[in-house]
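The values are calculated or read from the model by the stated rules, or taken from the named source; none is laboratory data. Predicted, not measured: the structure shown is a model, and the values here were computed from it. FYI the Cβ positions are ideal-geometry reconstructions off the backbone, even for glycines, and counts take in every protein chain you see.
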Amino acid sequence: MMKQNRLFTTIYVAGTGLSVAFTLILFIIYYVKFAPIYPEYNRNRTLVVNSMSAVNKENDNNYSCNSGVNARIFDLLKNLPHLDKMAAASNIGDFLGVTIVIPETNEQYSPIVQLVNQDFWEVFTFRFVSGHPFTEADVASTLPKAILSESMAKRIFAQTDVVGRFISLDGKDVQVCGVVKDASTATSVTMGEVYLPLYWGGLLSPEAHDTGLTGNIQLYLLSKDDDVEALRTEVQEVVKQHSLQDKYDNKMFGQPDTWWENYFRTSCAGEPDIASAIRGILYMLLAFLFIPALNLCGMISSRMDERMSELGVRKAYGATNRSIIHQVLTENLLLTLVGGLLGLALAYTLVCMGGELVLSIFNEDMYFNRDYPMAIHLEMLINLPLFLTVLGVCVLLNLISALVPTIVALRHPIIYSIHSKR
Amino acid sequence: MLKNIIKQVWNQRRQNGWILLELIIAGFFLWTVIDPVYVLTVNHFTPKGYEEDGRYVLRFGAYGEKHGMRDTTVTKEQQKMAIDNMLRLVRDCPEVESALLVQNSSFPNGGSWNGAAYYADTLKSDDRKHVSTQEYTFNNAGGGNIFKTYGMKNALTGGDIEVPQDAGGRNLIYVSENFARHMFGTTDAVGKKVYDYRDRAHEIAAVFKDYKHRDFEPIYPLIISINNKVRISPYMHWTYMIAFNLKEGVDEDAFVERFEKEVAPNMAMANFFFDRLLSFEKQRTTWAKQNGTYNVIRLKLALASFALLCIFLGMVGTFWIRCNARRQEIGLMRSLGATKKGITSRFLTESTLLITAAFVVSLIILVHYAMQDNMAKFQCTGDMEFMSVNWFMEENPHFLMVSVITYLALLVIAWVGTLIPVIRATKVLPADALRDE
């Protein structure tokens, strides 16, 4: 059948391929942002607080709005019944301008720094190549320790078994206590080359602040028994109660967020407009599905015209409309699946070749994104939900594009159909 | 002939229905993705008001309080002197034409943004005339002249702008054409006075040509003031930068290489060190990357390519089928003396009619869409109200231009999609084609 009408096959397969490829790229981009991938396997169980605003109750002009909280919130949240672990991290490390000496070349290199607490290593499931995570004592200690990414360790020491050795950070000797498998810049929350205890460098402090609960620490709260809703209510309640007695009215604007909700939060001064963001995605998705589908409808409609007499003969010998529709849909599904495979290959090629250009195409803020190559891991491309999406898009395209023209063609009386090709 | 073709298109309305529907939807979609790219393109091609070639910003770093390399014996005076010395090191380079100290990212596409409101008088009334403006600050000690270094010109004479040595002490201020027009209704504002929020009077020393701070944003007011006081603080490496321009004909790559190797190491003094050299061009592209503008352009172009590819496939498919169905007709026309060109232009007219009919329907929907305030907007940092608006930015020309671009894109891709099957069909010999008749 495919060889019989090469033009039809080519255009049909290309149209389906285009639709599947664009839909899949959209899928992969959001899969990487929302689904559990290394080292953020607990995304589904995690709630995020990464902005806070505080208004002085006595003076409205005394107002602060920050991309995080300060350490005061730890005591408020630590005993919540549904809180399993509380990871704290700060991207302010990037502003520290930390330099590290690469011994081989004596080059001063500014690594991507993450300031983190001990629970960070529990909420985010890094694979330790050697050594161990920070302990509570490491985070509180004034004797600094560091955890390196595997590639950073190789760059400095040309090996990864370096626990106990020292690196020169900002002119100080810092002992390495662990080496972890690299995270990709696609998981920017956890990606780092050097992980340091939260209060390293003195930019963050465990002491009380006079800015309400605002600060520069981002919180990732792991829920107990996967009950994120219960945890969310508890966090909101405890912050509300605290604000009643505090000098400041602390506002979280609906936080803590689930992982995917948090992606759409772009301001610390209001609720995110998730509905409008989703409308934008749906608009694209509908275009990816319907524009090619109309194309395919036109193709199948012309083909139905050519096959009108065949349909007439089949109907004359007793074939039901149902069995004819079934026949056309099955024939087309084969073509659609070939198109689906082509689309899958095209999507893989574009994502692998484009890397960051493709995966970060929806990002409006790339301030922390430096010129660092984005690693694409296999789990981002090969996973069950992705294959189910391919199949789903194929079936949907097939239904949209083949069903309507077939039903229209079957409306003609048998005589007309047989007569259509003398 | 046109009447004939219209009749043919009408007769084939059932076969044309699907492609027409696709063209209407794809036309609408294409318009909505071209629209934001149009806005960014108009902004990008608006004259910048400064020169980019051979212009650089030098950023320096500082060892913080807890840095192991910090020399704790360094005094504030030594740090002030160190900044003077770094500026001198740049000025002494034979390739450098002029250099100066600027504050708070006072250079094009700088990350931070400093703004203020200036008033026409000191009356304490709610409706007193004011202009919200961006403000650059520079240091003119030792002959620093931001206009010369950045290649900015006088709006009235088109010539250079001189900065008197005592300009800072006399509270002289320099304003953009846009600022002068919004404040005084004219660009002839030299000698006039404006007042800051503390009612301090500043005399306008010159009006410079409109200046675009950010590449993909419209022009808005800019005021340039002088501050020769260097304030020592732990953040001064983020506050002060050295801007300079190279003499004409200097090989920029060779200069950067030499500078980083020979001059930069000498800048390690009083807890400061050389951080990096950023060309104005690099700064422009870095900013557009960081704030996601390049992402928006890439995304919209990818979506536009998708729509165009779909239309291409649709047109190829439709006309391939049509050419096959009208094989005999083509053969007959050829045997009666029609040229290949004649037949091709007949099919091209047919596809033009299809595209035009579909786009007219899309346009009706698009007019409604635009009237709902959905068109992409010309906006700038902080939604400043005093923008410079040119013809291309006004609503009606904006709608018209995006529509024309969309229509042309649709037409070109449809023609290509039509030509491929039609050229193939016209190659068939009339005798072969007529055999089926």
Qualifying residue in the stretch B:190-207 (condition: more than 22 Å from B:Met387 (Cβ to Cβ), assigned to a strand (DSSP E or B) and among the charged types (D, E, K, R)): yes
For the stretch A:89-169, please list each of the helices (runs of 4 or more DSSP H) lying entirely inside it that holds at least 1 residues being in contact with an Asp or Glu (Cβ under 9 Å, 6 or more places away or on another chain) and within 20 Å of A:Ala183 (Cα to Cα). A:120-123, A:150-157
Test A:Arg279 against the criterion of being closer than 30 Å to A:His412 by Cα and within 14 Å of chain B (Cβ to nearest Cβ), and give yes or no. no
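Inspect the stretch A:348-368 for any residue being farther than 17 Å from A:Leu296 by Cα, outside the structural domain of A:Thr185 (by TED's automatic domain parsing), touching a strand residue (DSSP E or B) at 6+ places or on another chain (Cβ under 9 Å) and not aromatic (Phe, Trp, Tyr) and give the result as yes or no.
Looking only at the stretch A:348-368, we keep the residues that are farther than 17 Å from A:Leu296 by Cα, and these are A:348-368.
Now drop any that are not outside the structural domain of A:Thr185 (by TED's automatic domain parsing), which leaves A:348-368.
So of that shortlist, the ones also touching a strand residue (DSSP E or B) at 6+ places or on another chain (Cβ under 9 Å) come out as none.
There is no residue in the stretch A:348-368 that is farther than 17 Å from A:Leu296 by Cα, outside the structural domain of A:Thr185 (by TED's automatic domain parsing), touching a strand residue (DSSP E or B) at 6+ places or on another chain (Cβ under 9 Å) and not aromatic (Phe, Trp, Tyr).
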Considering only the stretch B:245-276, state which residues are surrounded by 13 or more Cβ atoms within 10 Å (Cβ to Cβ) and either within 30 Å of B:Ser132 (Cβ to Cβ) or of a type in the set (A, V, I, L, M) (or both). B:Asn245, B:Leu246, B:Val250, B:Val256, B:Val263, B:Ala264, B:Met267, B:Ala268, B:Met269, B:Ala270
Checked pairs for the stretch A:34-58, first under 13 Å from A:Gly215 (Cα atoms), second outside any strand (DSSP E or B) and among the hydroxyl-bearing types (Ser, Thr, Tyr), C-beta under 7 Å and 6 or more apart or across chains, list as A:Asn50/A:Ser67; A:Ser51/A:Ser67
Is there any pair with a first residue in the stretch A:198-225 that is in a loop (DSSP other than H, G, I, E, B) and a second that is among the acidic types (Asp, Glu) whose Cβ atoms are under 8 Å apart and which are 6 or more apart or on different chains, and what are they? A:Gly212/A:Asp246; A:Gly212/A:Asp249
Take the conditions aromatic (Phe, Trp, Tyr), within 14 Å of chain B (Cβ to nearest Cβ) and either buried (at least 18 other Cβ atoms within 10 Å of the Cβ) or more than 30 Å from A:Pro405 (Cβ to Cβ) (or both) and apply them to A:Phe264. Does it pass? no
Among the residues in the stretch B:323-339, are any surrounded by fewer than 17 Cβ atoms within 10 Å (Cβ to Cβ) and among the β-branched types (Val, Ile, Thr)? yes
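Restricting to the stretch B:229-242, name every residue that is in contact with a Gly (Cβ under 9 Å, 6 or more places away or on another chain) and surrounded by 15 or more Cβ atoms within 10 Å (Cβ to Cβ).
Going residue by residue through the stretch B:229-242, those that are in contact with a Gly (Cβ under 9 Å, 6 or more places away or on another chain) are B:229, B:234, B:237, B:241.
Selection gives B:His237, B:Met241.
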When B:Val428 is run through (1) surrounded by 13 or more Cβ atoms within 10 Å (Cβ to Cβ); (2) in a helix (DSSP H, G or I), the failure sits at (2)
Taking into account only those residues within the stretch B:21-65 that are within 30 Å of A:Asp170 (Cβ to Cβ) and charged (D, E, K, R), which is farthest from the other protein chains (Cβ to nearest Cβ)? B:Arg59
What are the residue pairs meeting all of these: first residue in the stretch A:373-400, first residue surrounded by 14 or more Cβ atoms within 10 Å (Cβ to Cβ) and assigned to a loop (DSSP other than H, G, I, E, B), second residue among the polar types (S, T, N, Q) and modelled with pLDDT of 90 or more, Cβ atoms under 8 Å, and 6 or more apart or on different chains? A:Met374/A:Ser184; A:Ala375/A:Ser184; A:Ile376/A:Ser184; A:His377/A:Ser184
Quick one: is B:Glu385 modelled with pLDDT of 85 or more and surrounded by fewer than 16 Cβ atoms within 10 Å (Cβ to Cβ)? no
Unmet requirement for A:Leu285, which otherwise passes all of (1) without any contact (Cβ under 8 Å) to a residue 12 or more places away in the chain; (2) within 14 Å of chain B (Cβ to nearest Cβ): (1)
Within the stretch B:66-112, track down each residue that is part of a loop (DSSP other than H, G, I, E, B), more than 14 Å from every other protein chain (Cβ to nearest Cβ) and touching a strand residue (DSSP E or B) at 6+ places or on another chain (Cβ under 7 Å). B:Glu95, B:Asn104, B:Ser106, B:Phe107
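Identify all residues within the stretch A:262-287 that are in a helix (DSSP H, G or I) and in contact with a strand residue (DSSP E or B) (Cβ under 8 Å, 6 or more places away or on another chain); write none if there are none. So that I can check it myself, show each step before the final result.
We begin by selecting, within the stretch A:262-287, every residue in a helix (DSSP H, G or I); these are A:262-263, A:274-287.
Across the stretch A:262-287, the qualifying residue is only A:Asn262.
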Breaking point among (1) over 26 Å from A:His132 (Cβ atoms); (2) away from chain B (no Cβ under 14 Å); (3) of a type outside the set (Asp, Glu), for A:Lys224: (1)
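Answer yes or no as to whether A:Leu311 is under 36 Å from the mean Cα position of the chain (by Cα) and either over 30 Å from A:His412 (Cβ atoms) or assigned to a helix (DSSP H, G or I) (or both). So that I can check it myself, show each step before the final result.
On the way: under 36 Å from the mean Cα position of the chain (by Cα): no; either over 30 Å from A:His412 (Cβ atoms) or assigned to a helix (DSSP H, G or I) (or both): yes.
No.
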Exactly one condition in (1) among the aromatic types (Phe, Trp, Tyr); (2) outside the structural domain of A:Val123 (by TED's automatic domain parsing); (3) in contact with an Asp or Glu (Cβ under 8 Å, 6 or more places away or on another chain) is not met by A:Tyr263; state its number. (3)
Within the stretch B:268-320, restricting to residues that are assigned to a strand (DSSP E or B) and among the aliphatic types (A, V, I, L, M), the one that is nearest to the other protein chains (Cβ to nearest Cβ) is B:Leu278
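Quick check, is A:Tyr348 more than 12 Å from every other protein chain (Cβ to nearest Cβ), modelled with pLDDT of 90 or more and either in a helix (DSSP H, G or I) or over 29 Å from A:Cys394 (Cβ atoms) (or both)?
On the way: more than 12 Å from every other protein chain (Cβ to nearest Cβ): yes; modelled with pLDDT of 90 or more: yes; either in a helix (DSSP H, G or I) or over 29 Å from A:Cys394 (Cβ atoms) (or both): yes.
It is true that A:Tyr348 is more than 12 Å from every other protein chain (Cβ to nearest Cβ), modelled with pLDDT of 90 or more and either in a helix (DSSP H, G or I) or over 29 Å from A:Cys394 (Cβ atoms) (or both).
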Of the conditions (1) surrounded by 20 or more Cβ atoms within 10 Å (Cβ to Cβ); (2) more than 13 Å from chain A (Cβ to nearest Cβ); (3) hydrophobic (A, V, I, L, M, F, W, C), B:Trp18 fails just one. Which one is it? (2)
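Having 3 or more residues that are away from chain B (no Cβ under 14 Å) and under 30 Å from A:Gly340 (Cα atoms) is the bar; report the strands (runs of 3 or more DSSP E) wholly within the stretch A:1-78 that clear it.
On the way: elements: A:46-49, A:52-56, A:59-66.
In the stretch A:1-78, there are no strands (runs of 3 or more DSSP E) which contain 3 or more residues that are away from chain B (no Cβ under 14 Å) and under 30 Å from A:Gly340 (Cα atoms).
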Within the stretch B:321-360, the residues that are more than 15 Å from B:Trp415 (Cβ to Cβ), more than 14 Å from chain A (Cβ to nearest Cβ) and either in a loop (DSSP other than H, G, I, E, B) or at pLDDT 85 or above (or both) are B:Leu336, B:Gly337, B:Ala338, B:Thr339, B:Gly342, B:Ala357, B:Val360
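Filter the stretch B:117-150 down to residues that are among the small types (Gly, Ala, Ser), closer than 16 Å to B:Ile223 by Cα and not in a strand (DSSP E or B), then give me how many there are. Walk me through it before giving the result.
From the stretch B:117-150, those among the small types (Gly, Ala, Ser) are B:117, B:120, B:125, B:132, B:141-144; that's our starting set.
Now restrict to residues that are closer than 16 Å to B:Ile223 by Cα: B:117, B:120, B:132.
Cutting the leftovers down to not in a strand (DSSP E or B) gives us B:120.
Selection size over the stretch B:117-150: 1.
Return a yes/no flag: does the stretch B:382-402 have any residue that is closer than 26 Å to B:Pro36 by Cβ and of a type in the set (Val, Ile, Thr). If you could, list the steps in order and put the result at the bottom.
Here is the first cut: in the stretch B:382-402, the residues closer than 26 Å to B:Pro36 by Cβ are B:382-402.
Remaining after also requiring of a type in the set (Val, Ile, Thr): B:389, B:402.
For the stretch B:382-402, residues closer than 26 Å to B:Pro36 by Cβ and of a type in the set (Val, Ile, Thr): present.
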Of A:Gly355, A:Gly340, which residue is away from chain B (no Cβ under 14 Å) and surrounded by 14 or more Cβ atoms within 10 Å (Cβ to Cβ)? A:Gly340
